[in-house]
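Each remark here refers to the structure printed beneath this line.
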Amino acid sequence: MPVERQLPAEDLLLEVRDLHVHFPLDEGTVKAVAGVDFDVYRNRTLCVVGESGCGKSVSAQSILQLVDRPGRIVQGQIRFHRHDADGSVTVTDLAALRSSSRALRAIRGRHIGMVFQEPNTSLSPIHTVGNQISEVIQLHLGEDEEAARRRGIEMLERVGIARPAQNYDAYTFELSGGMRQRVMIAMALVCSPALLIADEPTTALDVTTQAQIMSLLQELQADFGMGVMLITHDLGVVAEMADDVVVMYLGQVAEYGDVDRIFHAPAHPYTKALLRSIPNLDFDQDIRLDSIRGMVPDPFHRPVGCPFGPRCDEVIEGRCEAENPPAFSLEEGGSVRCLHYEEVTLS
Amino acid sequence: MPADAFRRFSTRQGGVLWAPPCPRTMIRYILRRLLIMIPTLFGISIIAFIIIQLPPGDYLTTVIAQLSASGDLVEEDVIASLKAQYGLDRPMHVQYLKWISNILLRGDFGTSFEWDVAVGELIWSRLGLTVTLSVATLLFTWAVAFPVGIYAAVRQYSWGDYLFTGIGFVGLAIPNFLLALVLMYVAFKYFNQSVGGLFSPDFVEAPWTWARVQDMLGHLWVPMIILGTAGTAGLIRIMRANLLDELRKPYVKTARAKGLSELRLLLKYPVRVALNPFVSTIGLTLPILISGSAIVSVVLSLPTSGPLLLRALIAQDMYLAGSFILMLGIITVLGTLLSDLLLAWLDPRIRFDD
Amino acid sequence: MTARAMESDRQEAINVATQWQLMWWRFRKHRLAMTSLVIVILIYLVALLAEFLAPFTPDEFQADYTYAPPQRLHLFLETENGLRFQPWVHGYKVEIEEEALRRVFVPDEEVIHEIGFFVSGVPITLFGFLETDRHLVGPKDPEAPMFLFGADKLGRDMLTRMIYGTRISMSIGLVGVALSLILGILLGGLSGFLGGHVDNIIQRVIEFIRSVPTIPLWMGLAAALPTDWPPLRIYFGITVILSFIGWTELARVIRGRFLALRTEDFVVAAHLDGVGQMRIILHHMVPSFLSHIIAALTLAIPNMILAETSLSFLGLGLRPPIVSWGVLLQEAQNIRTVATAPWLFSTGGAVFIAILALNFVGDGLRDAADPYAR
């Protein structure tokens, strides 16, 4: 359970509690997400970081129940706090809704926007940009075609698309990768949602474009005041963007905390190893970069004890192989799933 | 244009399903496509000409043989004038040029010696009925395959999916003519009815009237189903496979993340994208349909090109046979052209692909 | 052995399995394709052993039994000692139908013809050298009528003719596909490997051939075969005509594979290592798409069979005295004949089963050809 840090409760947007997402396959069940907790606040960015296959994307997509079949949420709660104009707050458990239900559809694209990894394939190749944007406006805000067009063009301009009126009528294959991702962002934000989930939005882009998209996201957050949940495997992005960080390993949250604490006083051996593996310009040229030894285990055969145990340098013999540690709260704030911190706190 | 109605209907729920393309890119595409067609048409005319030339002995020998058989004395100068008329004493390419320019400039396909009339008089009505039958079958095939394909993809591995897949395989494995025979047998044996022909006896020789059209439509469905079974089976499989591919694409998830309902999302995105390969199959289906109609028509004795072509080939009435092959080829090419244009109209990627 | 260890053994086996093993394992899981494979093998066995399996020879006729209907086969015979396994059929007797005033055959309940195994009949030559007069089944009395699938207009046994037809129809599929394969590999390979102008020209030719309606074209070409040719030459003429059009699909598949492989890392790596052109094609590229070609071949066979059947049915393909399924079905062309002798259709059943089975096998092979897919 994440520790209560001094964040204003009225800014709370999303509470994810004990989320489990399973993929029942012929070969066995893959427990892609095996008990995940985190919170997202207004005006703050939560970065979820981890290697590929750690369940960060599945966690993000399960919030709007967009996980591919046969994956499904088997346990846990996803409480979304909807703040209305009159100041009232409605809390809905998204995990309890049916994936095609009207209630969930009313939240998708309206209150929670989503940006995906591949702008090339995430947009329809045979519909114009405008068609795909105005669709959301007409659907959720009930505006007519003219108003939707005006709002759509305005939004395109807002996300930095040159000649927005012309590009509104363009097909996506006429745009560059970076432009397409801007279109995706415009589409996700055109109804001013309270929460934006960005699932590795820059993985498919080149480095310069990445930086542009990231600063665009920061700008837009400052303007709209939304909460952002950013999935990434890039610790550089985390350092740049995050207020809070979730480090995931094998479907569980290894460590949770604010960005300064994670970077300056990492607790979990996995976080430490991750940080050692990023190049740093201040470092001596002679120092070799560390990689984490071993491989992420086969998803059908999770280790019995601590999931990171087989690759960990700080194993406590006889214990780490046997127990999967719960989350322990840290004095500095945040939490960690590692037996080394057992005595520090009681969670 | 129904596109307008389509648009009005669709905007009520948000977003335009499809917008017509800009005329200029479309015209450029049409011109380019027409240019590509020319060598194909040339190739078909060559093939038809070769087929005319293939049987041993030339046309003239046949005519002379026929004339002598009927007891007429064949005068030397008659032979010479016939030779000159058909350019038979000239090299092959001159003969070809003469033959094709007669067709192109004067619409003169030569003479059918078996019927002793100009080929042109024999082929047009039959070709017209062939086109009618093929287009009707195409529409039938589509009307069935489209919804069934969608159903089979969305409900993959359901009972319905298996059922349609099964029917599809059976449809693929029964040769058209066998299906026609079995149907005729059943109709004859159990309903004591003849399902052959396209017209009731009263209308066979009648001029075209509304009543005759209705009579024809009443007969058309039998060959339509026979001819369409294999194609429908194939198309269902294509539609199902394409749609299954599209359903896995990320843009479907994007659409879902926008809050669209499942049905609307399905129709607007994956079905719409899967429609394109579906339309492009017309180009492949049409030759098969025209091809198949030849043989089904023989079995059901329909007044289309098939039976007359067969008869002409057996009698070695080569100008008639060659003209049929030429015209059937041209019809196919035109049909393919139309399907390509339709596809370009539907799919922006093709119009822009220079 | 623990489950874990077994699992890891299985993994080990998968890791070291050859491409063909992987393909076979995947194919084996496809139950429909496996059943169909057995059927296809059986059909080809029938084609191979036609003389021995057929009770008679295809031209043997009993003029008294024109259009005799199929007999019911009884397996057990009642004797003084009780039931005994001894297949038998009733004889025929002729009755005059009142209204139509025509002769019809009805089973003669008085007469029992015993059917034996390995009976002696008309002398045959198996595989071209093995001379015998033994047939797998047949009436013990050579004069007795036995028409399990009925008789045709000359009083010839339909079952026998269908078995002999299997040989011609199934082999025309194989020979035609072999010819198509040669053309397809040559032109498709050139197209895919050389690319550029050659590719462009060959692609246009393929597009052209595919855009022409095949049956009228086949009809035109087949009609040009001289009627006085001997049967064997007609057979090859038809095969050549069929493969003249059939090669395009194979060429398309081969070209596609070549194009896809040309940029694959392992081919590029072989190039960079200085491996010769020919060696790259034969040792690196061909093995990796052979499975796809085999699948495409299997799917091409039924089309050939259908084409032959259709042409022969129209009277433009194979002609009597050759016995093929199409030739047999031609006899069922007249609806009035069929109405009185529906058993002439039985060949249609053979066509149906063969085509369906070949399609399933081809589909299974195609799915299995990509062992790493999904």
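Every number here is computed from the coordinates shown, using simple stated rules; none is lab data. Remember, it's a predicted structure, so these values are computed and weren't measured experimentally. All Cβ positions, glycine included, derive from the backbone under ideal geometry; neighbour counts span all protein chains shown.
Listing for the model above:
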| item | result |
| --- | --- |
| By average C-beta atoms within 10 angstrom, highest first, the peptides B:35-41, A:47-53 | A:47-53, B:35-41 |
| Inter-label distance, nm, simple model (7 Å from Cα along the C-beta direction), A:Ser277/B:Asn192 | 8.5 nm |
| Paramagnetic label zone (point 7 Å from Cα along Cα-to-C-beta, A:Phe300; backbone N under 18 Å) in segment A:9-38 | A:22-33 |
| Rough spin-label spacing in nm, given labels placed 7 Å along Cα→Cβ, for B:Val94 and A:Ser88 | 9.8 nm |
| Per residue Cα convex hull volume in Å³ - calculated over segment A:93-207 | 108 Å³ |
| Range of Cα positions in segment A:163-295 per principal axis (Å), largest first | 51, 33, 28 |
| Summed side-chain charge close to C:Thr125 - residues other than C:Thr125 whose Cβ falls under 14 Å, Lys, Arg +1, Asp, Glu -1 | -1 |
| Whole-Å semi-axes of segment A:68-125's equivalent ellipsoid (Cα gyration tensor) | 24, 18, 10 |
| Fraction of the pair-distance distribution of the protein assembly as shown above 38 Å, Cα-Cα pairs, percent | 62 percent |
| Residue-averaged beta-carbon neighbours from other chains (10 angstrom radius) around B:242-255 | 5 |
| 10 Å Cβ neighbours from other chains, averaged over peptide A:161-173 | 1 |
| Kirkwood-type radius of segment C:183-314, with distances r between different C-alpha atoms, in Å | 16.6 Å |
| Percent RCO, i.e. relative contact order, over segment C:162-302, from Cα pairs under 8 Å lying at least 6 residues apart | 37 percent |
| Potential lengthening between C:Leu174 and C:Ala260 on full extension [0.36 nm per residue; Cα-Cα distance subtracted] | 28.2 nm |
| Where N is the number of residues in segment A:21-94, Cα Rg divided by 2.2 N^0.38 Å | 1.29 |
| C-alpha center-to-center spacing [segment A:81-159, segment B:308-347] in angstrom | 51 Å |
| Normalised convex hull volume, chain C, alpha-carbon set, Å³ per residue | 230 Å³ |
| Sites B:Ile79 and C:Leu282 - FRET efficiency at Förster radius 60 Å, r taken between beta-carbons, to 0.05 | 0.50 |
| The protein assembly as shown - share of DSSP beta bridges that are antiparallel (%, nearest 5) | 75 percent |
| Most fluctuating residue given options A:Ile185, A:Ile126, A:Ile231, as computed from a GNM of chain A linking Cα atoms under 10 Å | A:Ile126 |
| Dipole in debye (nearest 20) - segment C:252-373, about Cα centre, beta carbon charges: Lys, Arg +1; Asp, Glu -1 | 340 debye |
| Neighbourhood charge, 14 Å Cβ-Cβ cut-off, centred on A:Gly227 and excluding it, Lys, Arg +1 and Asp, Glu -1 | -3 |
| Percentage of interatomic Cα-Cα distances in segment B:166-240 larger than 20 Å | 45 percent |
| Qualifying GluC sites (Glu not before Pro) in segment B:190-276, DSSP loop, other Cβ atoms within 10 Å at most 14 | B:Glu205 |
| Using a Förster distance of 35 Å, the FRET efficiency for C:Arg204-A:Glu146 (Cβ separation, nearest 0.05) | 0.15 |
| Per-residue average of Cβ from other chains inside 10 Å of C:297-306 | 1 |
| Cα-based convex hull volume of segment C:17-113 per residue, rounded to whole Å³ | 227 Å³ |
| Principal axis box of segment C:272-338, alpha-carbon based, largest edge first, Å | 71, 19, 14 |
| Largest-first ellipsoid semi-axes for chain A, taking √(5λ) over the Cα gyration tensor eigenvalues, angstrom | 36, 23, 20 |
| Loop sites in segment B:231-291: trypsin sites (Lys or Arg not before Pro), DSSP, at most 15 other Cβ within 10 Å | B:Arg248 |
| Burial ordering of A:Asp313, C:Asp152, fewest other beta-carbon atoms within 10 Å first | A:Asp313, C:Asp152 |
| Residue order, fewest to most beta carbons within 10 Å, for A:Arg311, C:Arg134 | C:Arg134, A:Arg311 |
| Contour minus Cα-Cα distance for A:Glu343 and A:Asp26 (0.36 nm per residue) | 109.9 nm |
| Taking all pairs of distinct alpha-carbon atoms in segment A:8-139, Kirkwood radius in angstrom | 16.4 Å |
| Hydrodynamic radius of segment C:232-374 per Kirkwood, over alpha carbon pairs, in Å | 18.0 Å |
| Once exposed loop GluC sites (Glu not before Pro) are cut out (DSSP; at most 12 other Cβ, 10 Å), longest piece of chain C | C:144-374 |
| Cα→Cβ-extended label distance, 7 Å offset, between C:Lys29 and C:Thr132, nm | 4.3 nm |
| Packing-based order for C:360-368, B:302-310, using average beta carbon neighbours within 10 Å, highest first | B:302-310, C:360-368 |
| Contour minus Cα-Cα distance for C:Arg336 and C:Leu194 (0.36 nm per residue) | 45.4 nm |
| FRET efficiency for C:Leu154 and A:Arg102, using Cβ-Cβ distance with R0 set to 45 Å, rounded to 0.05 | 0.05 |
| Loop-located trypsin sites (Lys or Arg not before Pro) in segment B:85-171 whose Cβ has at most 13 other Cβ within 10 Å (DSSP) | B:Arg155 |
| Positive-end residue, segment C:263-374 charge dipole about Cα centroid, Cβ charges, pick of C:Val268, C:Met285, C:Val323 | C:Val323 |
| GNM result for chain A, Cα springs below 10 Å: residue of A:Pro164, A:Pro307, A:Pro70 fluctuating most strongly | A:Pro70 |
| Choice from A:Ala242, A:Ala95, A:Ala273 showing the highest fluctuation, given a GNM over chain A with Cα pairs closer than 10 Å | A:Ala273 |
| Above-threshold pairs, the threshold being 24 Å between Cα atoms, out of A:Lys56/A:Lys272; A:Lys31/B:Lys268; A:Lys31/B:Lys253; A:Lys56/C:Lys29; C:Lys93/C:Lys140 | A:Lys31/B:Lys268; A:Lys56/C:Lys29 |
| Amide N proximity, segment B:203-219 versus B:Glu121 label position 7 Å along Cα-to-Cβ, cut-off under 15 Å | none |
| Least to most buried among A:Val74, C:Val253 (fewest other Cβ within 10 Å first) | A:Val74, C:Val253 |
